[in-house]
Every structure is written in C-alpha cells, then in structure tokens.
Amino acid sequence: MPSASPVVQQCFREASDLARKALEASLEHAVAALQEAESRSTVVAQRNTLAESWSALQKQKSDWGVQFPVALLAAFNDAADARSEARAPAPAAYAMSNFSELSLVDDSQVAKAIESSRLLQVLLPAVEQQLGELDGLMSTALGLPSVQPERNPMRPQVFADTLRTLLSSGTNDSDMSALWIRHLAPSFARELKQIYKTLTTRLQTANVQVASYRVLQTPSGVGGGGGGGSARTAAAAGAPGAKGVPRGTGRGGPGGQTGVGDGQDSEDPGLQQGQSGYMPPASYADLSAYEVQDALFQDFLYRSAPHAQQMLAPAYYEAIDEELQALQPIDGFDEPQYAPAIAVQYRRMAAVDRPLREVGIDSPLNPQTWGQYGGARQRSLVRSQLRKEAKQVGQVLGLEVVRKVVNQVAQDPRLLAPVREAIVALEPSLLRLAMVDPRYLSDERHPGRRLIERVAERSFKYNDEFSTDFAGFFGNVSPVFNLLNEQEAFADAQPFALALEGFEEIWREEDSADQAQRDKAVAAIRLAEQRQGLADQVAWELSTRPDLDKVPGVVLDFLFGPWALVIAHAKLTDPSGHNDAGVFGLVVSDLLWSVKREATLKAPAKLFEMIPRMLATLREGLAKVGHEPAETQAFFDTLEKLHRPVLRLRRAKSLQDATDSEQAALTPQEDFEMPASAEQRKPKARAAHDVWLARKELDEAGFFDTLPTDLSELRAADGSAAPVQAHEADSSDYAPLDGSDHANTVPLEPEDELIDEFVQAPEAAALVELDPAQILAGLREGCWVDLFSKRRWLRAQLIWASSKGTLFMFTSQGGQPHSMTKRSCERLIRDRLLRPVETQGIIQQAIEQLAQQPEPSTRAGLRNSQQASLSIH
C-alpha cells in the first residue's frame with residue numbers, strides 16, 4: 001500500500017505537534033480539577049486518592065508531552081495504511097455494545113475498551129461540526145471516491161486509543177486511570193476541536209476539495225410491482241426488507257408509502273416483493289454520512305432539490321441507531337456544565353469592549369433558564385431521534401440546514417450571548433418544524449424564520465446583557481421558547497406564528513410608552529430646523545429694508561439674529577395659518593426709528609410713548625422662542641444707552657437744562673452709536689449645522705445627553721474644568737446679550753460631563769484611522785449605534801436626520817433623545833465614542849456566510865466514526 005500523500009503527511013505532523021500542546025493544557029486542567037475536588041472532599045480516603053491522582057499526573061506531564069506526539073504520529077500512519085480494508089474497526093462505543101462477546105476477552109481488555117469508549121463519547125459531541133468538515137476533506141486527500149469518515153486516520157477514535165494507552169502506561173490502577181480520563185476528557189475535547197479546525201484550514205489552503213454527493217440508481221431486479229425478487233435481492237440493493245434493518249423506525253417513501261418490511265426483517269410477516277400492494281421506490285438514499293456542499297445547500301434551500309422526495313436506505317437508520325447509542329449517558333462521566341462565572345467575569349468592563357463569549361450548538365446552557373435543553377447531549381438526542389423518524393432525503397437535509405444555521409447564528413458577534421444561547425436552546429423546536437416544512441428557512445415570511453429574526457432584531461435595542469432593560473426583554477423571550485420546546489411535534493407553523501404575535505404585542509406596548517417622548521423630541525428639533533431656515537430668509541429680507549440708514553450695528557445684529565428667529569417662530573406658529581408675524585413684524589419699524597438720534601430728538605414725545613410698548617413686545621417675542629432675559633441683557637443695555645439722550649429731555653427742569661441736553665446730544669457719538677458699516681448691514685453667514693435652540697428645546701431634543709466632543713472646549717489652560725458662564729437676570733427693562741448673536745446655537749457642550757480616563761482608551765490610537773464622514777453618510781433612520789453618554793455606553797437608534805444631513809437625533813432606552821450636529825457626530829466617531837452597529841438580517845447573513853465559506857460542508861449525516869458514503873441506491 002503506498003504511503004499517504006505529502007499533504008496528508010503534513011497534516012499528520014501538524015496534528016501531532018498540536019497534540020502535544022493540547023495534552024499539556026489538558027493535563028494542567030485535569031490537575032487543577034483534581035486539586036479542587038480534593039479541597040471540597042470531606043472524606044479522608046477520597047482526599048488521599050485524589051491527591052495521589054493529581055500528584056502522579058503532574059509527574060508524568062513532561063514525559064507524556066514527548067511520548068504522545070510520537071505515538072500519535074505512528075497511529076496516524078498505521079490508520080492510513082489500513083484504509084484499504086473492506087471494513088474499518090468499529091468505534092469502541094459500538095464495538096463493546098454486544099455484551100455477549102465480553103467472555104472472549106480478559107478483564108483488562110474489557111477495562112481498556114470501556115475507558116476508550118468513555119473517552120470517545122466525550123470527544124465526539126464536542127468535535128461534531130469540525131470533524132464533519134475534516135472527514136469530507138480527508139476522504140478526498142486519501143483518494144476515496146466519497147466521504148468515508150471511518151477511513152479518516154485522524155478520527156477521534158485514534159486520538160482516544162492513543163491517549164488511553166499513554167495514560168495506562170502511567171499506572172496499573174484502573175481506578176486511577178479512570179479518574180484521570182474523567183477529569184482530562186472535557187479539556188482534551190476542546191483542544192481536539194481546535195486541532196480539527198486547524199487541519200481543515202490546512203487542507204482548504206492546499207485546495208483539497210470535499211468529496212462529492214453521488215447518485216446510484218437501484219438495480220433493475222428490485223423494481224417492478226409484480227416481479228418475483230427476494231429478500232436477498234432487496235438486501236443487495238439496500239432496500240427495505242433487508243436483514244439488519246431495525247424495527248419500528250417508521251421508514252417510508254414519498255407520499256407516505258412504506259416499502260417492504262417497514263421496520264421488519266424479511267422473514268417477518270408483511271407484504272413482500274411479488275405480493276399485491278408492494279410498490280418499491282425507484283431509489284433509496286443512504287445518508288449514513290455525507291457532506292452537503294455549496295451546490296446541494298443552495299439547491300435544497302432555493303431550487304428544486306430533485307432528491308428531496310427520495311426514501312432513505314437501511315444503512316442510514318443503522319448508523320442513526322449507533323449514534324443514539326453513543327449519546328446515552330455514561331456512569332462516571334458528567335456532561336460539561338454551564339459555568340456562570342464565565343458570563344459574569346467581564347461584567348465590570350464596558351459593554352462594547354467585552355470579548356465575545358463563545359456559543360455553539362454543543363455549548364452547555366443555563367439549566368435554570370432552559371431546563372433539560374440546557375444540556376448539549378439532550379439537544380443532540382432530539383436531533384438524532386428526529387433523524388431516525390425522517391422518511392425522506394428532504395427531511396434530513398432540512399434538519400441539517402437548521403442545525404448549521406443555528407450554529408452560525410450562535411456565533412454572530414452582533415448578538416448578545418444570552419440571545420445566541422436562546423436560539424441554540426430553541427433548536428429542538430426548530431428541528432421539529434423542519435420535519436413538516438424542511439425548507440422553511442429559505443422563506444423570509446415563514447413564522448419560524450420570522451420568530452428568530454424578530455427576536456434578534458429586537459435584541460439590538462440592548463448592548464449590555466447585565467442591564468435591567470435587557471433582563472426585562474429576555475424574561476419575556478425565554479418562557480415562550482421553553483413552551484415551544486415542550487411540544488413533541490408540530491403539524492404546522494401556527495405555534496411559531498402565535499408566539500411571534502405575542503411578542504409583537506408586548507413590544508408595541510413598550511414602544512408606545514416611549515413614542516410620545518420621541519415624537520415630542522423630534523417635533524422640537526424639526527421646528528428648530530424649520531425656524532432657523534425661515535429666520536435666515538427673514539434676516540435677508542430685513543437687510544433689504546430702506547430704513548436701515550444710520551442704524552447702529554448692534555441693533556442690526558439683534559434684528560438679523562434673535563429677532564429674525566422671533567419673526568420666523570411667529571410665522572410658523574401663526575394660528576390662522578397665514579404665516580403672519582403680527583406685532584413682532586410691525587415692531588421692527590419702531591425699533592429702527594427709536595435708535596436714530598436726530599429723528600427722536602425732534603419727536604421726543606413719540607419716543608416716550610413708544611418705548612414701553614416696544615420693549616414689552618420685544619421681551620414677549622424673545623420669551624416665545626425661549627430666550628432667557630440674561631441672554632439679551634447686553635442688547636437691552638445698549639438700547640437704553642441709545643435712548644438716553646431723549647430720556648434726558650424728559651427729566652429736564654428748565655429750558656437751560658433742555659438746551660444743555662440738546663448740546664450734549666450733539667456731542668461726538670460713541671462706538672456703539674456708530675451707524676452700521678456696509679458689512680454689518682449684511683446678515684452674518686451661518687454654518688449649515690448651526691441651529692439655534694432654546695434651553696428647553698435643547699433639553700427636549702437631548703443635546704445635554706451627548707458627550708462633549710472636544711475636551712479642549714471644556715478645560716481651562718491649567719487643565720481644570722472650564723467654569724460655567726451664566727448671567728443673572730436684570731430687574732430693569734434692559735438685560736444684556738452675552739456677546740454672541742447665537743448664544744444657544746448648537747453644538748452646545750454640557751460642561752458637567754468630562755470623559756472618564758478609562759474611556760480615553762489607548763486602543764483608539766492604534767485603530768485604523770476611520771473616515772467619520774463616510775460612516776456618518778452611511779447611517780439611515782432606524783440604524784443602531786453604541787453611544788457614550790453620561791459616563792456609560794448606550795444602545796441608541798437614529799430616528800431623525802435633517803434634510804441637509806447636519807442634525808441627527810438618536811433615542812436610547814425609555815425614549816431618551818440624544819441630538820447632535822454633524823460636527824459632533826464626526827468627532828464622536830473619530831474618538832470611537834459613537835460606533836455604528838450592523839443589523840443586517842440574521843438568518844440571511846448566516847445562510848450567505850455558509851454558502852460563501854471555502855468549500856462549505858454543511859453536515860447532515862451522523863457524527864459517528866462508523867459512517868459510509870452518501871449515495872442514492
């Protein structure tokens with residue numbers, strides 16, 4: 001027999017090298033587990049046994065680290081040389097199942113076989129998915145015509161036998177050896193899973209193709225309704241009626257027709273070939289092991305799937321029986337348990353920076369939440385039992401597609417770990433649904449698929465699995481999933497539709513409670529944007545008035561700024577709907593005339609009568625838009641100075657006083673009295689993102705809930721926090737403007753919020769430089785982001801963006817708004833304080849990822865080392 005190919009030999013060497021590290025890590029884990037068991041034990045004899053066990057194991061670590069790779073490499077080559085045998089040795093778990101054979105071997109052989117069987121049964125469930133992919137690739141690398149897992153030289157049985165032999169060499173005490181295996185097996189299973197992943201990648205890199213799916217038609221001697229035939233002929237063709245077919249498996253063909261025997265041996269009573277009523281199918285499918293490649297995967301989900309209606313051959317059911325037997329619990333070996341400590345160890349870390357917790361279909365789940373289906377073994381039993389109940393190829397393919405998609409979704413980093421665990425826990429129900437509708441995952445409107453997607457989509461509202469908000473969401477999901485799992489079978493998808501309807505009703509009620517606050521916030525910022533746009537237009541119209549000559553610049557600044565906003569607000573809120581500014585528009589003429597000294601000195605009585613009414617109108621208008629008195633104090637103080645020459649005339653006690661006042665009025669003008677320059681008579685250009693909002697509007701829109709975007713704006717030169725500038729309201733008729741025409745023009749930076757030191761992560765500098773503008777341009781209403789606000793990370797949704805893309809409003813839990821300008825958004829993105837969350841369809845993305853994997857191998861066959869090739873007989 002020629003030796004294995006170079007690529008196979010390379011895999012042998014790589015596997016043996018990796019196995020050394022895997023064994024060393026497993027030994028460390030076993031020693032730690034034995035030490036922990038010793039510390040917990042209260043029985044002296046048991047404590048002594050445990051102490052001796054871990055001490056002996058520790059002494060062997062260095063020697064075994066050298067011996068194991070050598071022994072394993074030899075075992076690989078021996079297995080490769082034996083691959084041409086007609087029948088490969090059965091796995092220990094199956095070989096020892098015939099207890100009538102135990103009398104032919106001595107007790108030591110029985111003990112060794114049992115140890116190998118126990119070790120193998122721990123390894124198989126843990127490596128099921130990875131081994132399925134490796135089997136297909138290795139079969140091709142070995143030159144086999146189809147997938148033959150039992151010919152894989154690196155199958156788990158080879159690892160188990162080699163490891164058991166190595167452990168047995170370290171002690172003559174069978175109890176101690178069993179104790180070693182019990183504490184070492186779970187860790188070694190995890191390490192073996194990683195070895196298989198590495199080997200699969202190695203073969204794919206070498207362009208090794210997965211063994212193909214093939215169809216063989218039934219020999220002519222089996223067909224025909226009235227032909228003679230015999231059970232022996234049927235057996236040769238793999239048809240029902242052959243000996244060795246387990247009874248009561250419920251095997252049938254398309255349309256529910258059952259073939260010969262239907263779970264009976266050929267000698268049993270029942271319809272036989274040649275008897276009336278026997279209708280043998282044209283072909284049978286042997287799915288005892290196979291690889292569903294990209295073409296078959298896509299054909300089944302989206303096209304005709306020509307073989308979906310074919311019956312299953314007896315070899316398929318025989319392999320299922322072996323798998324079910326391998327899944328039975330073993331005394332002395334505990335199933336891997338859910339470890340709560342793993343979930344909570346990163347609780348104090350920022351939600352967006354927590355490492356991804358690994359979840360898969362073989363992961364143990366919280367039994368307090370998921371009951372019996374928290375155990376991976378129980379879920380595997382349901383999967384295998386349903387495979388046994390399957391009658392057609394389509395059902396088996398449907399079960400495998402569900403298993404593969406669930407496992408892919410369970411690894412989706414966008415979903416919180418409890419959500420991924422919930423979908424894994426729901427697998428039994430999803431599998432049962434596939435028995436009546438095998439291709440339902442290809443239908444976007446199917447209740448089964450919609451249930452998964454809607455739960456996943458709803459979970460995007462949360463970014464912290466430890467938050468009370470998420471606990472409320474998850475507390476609604478888990479009981480419904482458990483109720484679905486309690487049903488043994490489904491006639492249709494109605495239970496899933498009802499579950500989804502119940503969720504939607506709960507979510508609508510929750511959303512309606514937040515909707516009022518969201519609507520109020522959006523209305524406030526929309527009004528502000530419309531008002532600012534109209535105010536710009538009003539300012540331009542005011543700048544074209546013919547009566548602006550000799551008007552001081554400070555007055556024009558007021559007109560083009562705050563008062564333009566007042567006029568715009570009055571037009572937008574005009575109850576008549578005529579966009580009439582009313583008295584707020586008429587008062588402009590009075591204001592302009594009142595600040596022209598030459599005109600007012602000639603008609604002081606008119607000014608005396610005008611001032612109270614004019615000031616009242618100005619204050620009323622500013623109050624309507626939310627201007628606080630302190631914000632306009634500077635303007636009113638200047639206005640009083642402009643009116644002062646005429647006001648002095650009112651206090652004149654004599655003609656001489658009046659003459660003196662007139663002469664004083666003719667004194668040179670001060671700077672604030674100087675007529676506006678040509679440049680001042682033009683409205684100041686406003687940045688597109690500058691929109692004025694009142695304090696109340698800022699609060700309603702959530703601008704005060706946005707993290708500062710520029711620390712330099714909040715810190716003084718000495719590094720301390722910059723003081724808050726506030727003006728107290730003046731009791732007089734005149735109050736000052738704070739020196740800025742747009743005191744509340746956003747962006748406003750909340751002075752009481754400074755970035756925590758832990759938020760200014762060094763990792764941000766090491767990240768690839770982002771393009772904030774491009775990321776921001778990609779955001780659409782409904783998109784989710786992680787936003788740092790008020791010293792914590794929030795999951796927020798974009799609910800509104802201005803028509804020009806300069807203002808954005810997000811809402812977080814409870815409908816809390818968070819608004820910011822384009823500049824603020826870009827700074828937050830650049831500083832990694834606003835991070836978009838991708839929310840593409842969960843199921844669709846999982847299917848696409850499965851189809852795009854290099855040489856994907858969606859495995860629907862059994863995870864057992866005794867599997868034959870996939871074919872249609």
Original post:
Just to be sure, is residue 432 out of contact with any helix residue (DSSP H, G or I) (no Cβ under 6 Å at 6 or more places or on another chain) and in a loop (DSSP other than H, G, I, E, B)?
Top reply: no
Subject >> Residue check, residue 500 in contact (Cβ under 8 Å) with a residue 40 or more places away in the chain and over 30 Å from residue 565 (Cβ atoms) >> reply: yes
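Yes or no, residue by residue, for (1) open to solvent by less than 60 Å² (accessible area, probe 1.4 Å); (2) of a type in the set (Asp, Glu); (3) out of contact with any Leu (no Cβ under 6 Å at 6 or more places or on another chain); (4) modelled with pLDDT of 85 or more:
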residue: 741; (1), (2), (3), (4): yes, yes, yes, no
residue: 747; (1), (2), (3), (4): yes, no, yes, no
residue: 759; (1), (2), (3), (4): yes, no, yes, no
residue: 779; (1), (2), (3), (4): yes, no, no, yes
residue: 790; (1), (2), (3), (4): no, no, yes, no
residue: 799; (1), (2), (3), (4): yes, no, yes, yes
**OP:** Return only the number of the condition from (1) hydroxyl-bearing (Ser, Thr, Tyr); (2) under 31 Å from the mean Cα position of the chain (by Cα); (3) modelled with pLDDT under 85 that residue 139 does not satisfy.
**Re:** (2)
Original post:
Got a sec? Which of 568, 564, 634 is out of contact with any Pro (no Cβ under 9 Å at 6 or more places or on another chain), in a helix (DSSP H, G or I) and not acidic (Asp, Glu)?
Top reply: 568
**OP:** Scan the stretch 500-530 for residues that are crowded, with 17+ Cβ neighbours inside 10 Å and touching a Phe, Trp or Tyr at 6+ places or on another chain (Cβ under 8 Å) and report the count.
**Re:** 3
Subject >> Condition check for residue 436: farther than 19 Å from residue 845 by Cβ and either modelled with pLDDT of 90 or more or among the aromatic types (Phe, Trp, Tyr) (or both) >> reply: yes
Original post:
What are the residues in the stretch 353-393 that are open to solvent by less than 50 Å² (accessible area, probe 1.4 Å), in a helix (DSSP H, G or I) and of a type outside the set (Lys, Arg), if any?
Top reply: 369, 370, 371, 373, 374, 376, 380, 381, 382, 384, 386, 393
Subject >> Failed condition for residue 177, given (1) buried (at least 23 other Cβ atoms within 10 Å of the Cβ); (2) of a type in the set (Gly, Ala, Ser); (3) over 38 Å from the mean Cα position of the chain (by Cα) >> reply: (1)
**OP:** Could you check, for the stretch 619-629, whether at least one of its residues is over 20 Å from residue 573 (Cβ atoms) and open to solvent by less than 10 Å² (accessible area, probe 1.4 Å)?
**Re:** no
Original post:
Picking from 434, 390, which residue would you name as being closer than 19 Å to residue 850 by Cβ, touching a Gly at 6+ places or on another chain (Cβ under 9 Å) and among the hydrophobic types (A, V, I, L, M, F, W, C)?
Top reply: 434
**OP:** Take residue 350 and decide whether it is of a type in the set (A, V, I, L, M, F, W, C), over 14 Å from residue 337 (Cα atoms), in contact (Cβ under 8 Å) with a residue 12 or more places away in the chain and open to solvent by 10 Å² or more (accessible area, probe 1.4 Å).
**Re:** yes
Original post:
Among the residues of the stretch 849-870, is there at least one that is assigned to a helix (DSSP H, G or I), farther than 27 Å from residue 310 by Cβ, touching a strand residue (DSSP E or B) at 6+ places or on another chain (Cβ under 6 Å) and at pLDDT 50 or above?
Top reply: no
**OP:** Could you list all residues from the stretch 531-577 that are touching a strand residue (DSSP E or B) at 6+ places or on another chain (Cβ under 9 Å), of a type in the set (D, E, K, R) and over 26 Å from residue 640 (Cα atoms)?
**Re:** 531
Original post:
Cβ-Cβ below 7 Å, separation at least six or inter-chain, first residue in the stretch 462-474 and under 15 Å from residue 340 (Cβ atoms), second among the basic types (Lys, Arg) and open to solvent by 40 Å² or more (accessible area, probe 1.4 Å): which pairs?
Top reply: 466/347
Subject >> residue 488 vs. criteria farther than 30 Å from residue 792 by Cβ and either free of Cβ contacts under 8 Å to residues at least 24 places away in the same chain or touching a His at 6+ places or on another chain (Cβ under 6 Å) (or both) >> reply: no
**OP:** Just give me the residues in the stretch 383-397 being within 27 Å of the chain's Cα centre (by Cα) and modelled with pLDDT of 90 or more, in sequence order.
**Re:** 383
**OP:** Report whether or not residue 591 is aliphatic (A, V, I, L, M), out of contact with any Leu (no Cβ under 7 Å at 6 or more places or on another chain), open to solvent by less than 70 Å² (accessible area, probe 1.4 Å) and closer than 12 Å to residue 555 by Cα.
**Re:** yes
**OP:** State all residues of the stretch 468-499 that are farther than 19 Å from residue 370 by Cα, open to solvent by less than 60 Å² (accessible area, probe 1.4 Å) and part of a helix (DSSP H, G or I); if no residue qualifies, say none.
**Re:** 497
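The values are calculated or read from the model by the stated rules, or taken from the named source; none is laboratory data. Since the structure is predicted, the reported quantities are computational estimates derived from the model, not experimental observations. Positions of Cβ are generated from backbone atoms using ideal geometry, with glycine treated the same way; all protein chains shown enter the neighbour counts. The area values use the complete protein model at the heavy-atom level, side chains included, leaving out ligands, DNA and RNA. Shrake-Rupley method; radii C 1.70, N 1.55, O 1.52, S 1.80 Å.
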